[in-house]
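Only one structure is covered here, and it is reproduced in the block below.
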Amino acid sequence: MQDVVPAGSAPAGWEGVRVPRYDRDEVARAAGYASWQEAVGATADLSQQEAARRLGVSHPTVRAWRADLGVGVAAARPSGEQLKAAFRADASDERHGSANGYRNLGCRCERCTGAWTGYQRARRDVGR
Ligand SMILES: [Zn+2]
């Protein structure tokens, strides 16, 4: 475990700047790492902000470094469509049988369709 270089140890004016590739190693070494790849690997479990503080760079820089190495890409949040598909594929999800399941999550299973029909009927009845 290296000593943590305090935030603000980046060269003046470098915060918020996308550091050119040839300077990445210099920045990483200032933070106590042998190379920027090692720095990215060693801080991969931290949030971008946390890693940025640790390395003395801006968090967009951390994001760019990680993107270049493919770090954290697989852990990216699933898209809304992926979440909906996962919900529809999981019959044990307790949201089945709700108007939300039908309308917002796009499920057309018997339970969701039934819930939606009931919801629509209830709405109509209120208007009478
Ligand atoms: Zn459903």
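None of the figures in this text is laboratory data; all of them are computed from the coordinates on show. For clarity, every value in this text was computed on a predicted model and none was experimentally measured. Glycine also receives a Cβ, built like all others from the backbone with ideal geometry; neighbour counts cover every protein chain displayed.
Take the Cβ-Cβ distance between Ala67 and Arg29 as r, set R0 to 30 Å, and report the resulting FRET efficiency rounded to the nearest 0.05.
Calculated value: 0.90.
Please compute the length gained on full extension between Thr113 and Gln37, using 0.36 nm multiplied by the number of residues separating them and subtracting their Cα-Cα distance. Walk me through the numbers before you get to the answer.
Numbers: separation 76, 0.36 × 76 = 27.36 nm, distance 5.10 nm.
That works out to 22.3 nm of additional length.
Within a Cβ distance under 11 Å of Gly106, other residues only, what is the Lys/Arg minus Asp/Glu net charge? The partial results should precede the final answer.
On the way: positive: Lys84, Arg88, Arg103, Arg108; negative: Glu81.
Net charge around Gly106: +3.
Using 1/(1 + (r/R0)^6) with R0 = 25 angstrom and r between the beta carbons of Arg123 and Arg95, what's the FRET efficiency to the nearest 0.05?
Once the sixth-power term is evaluated, E becomes 0.80.
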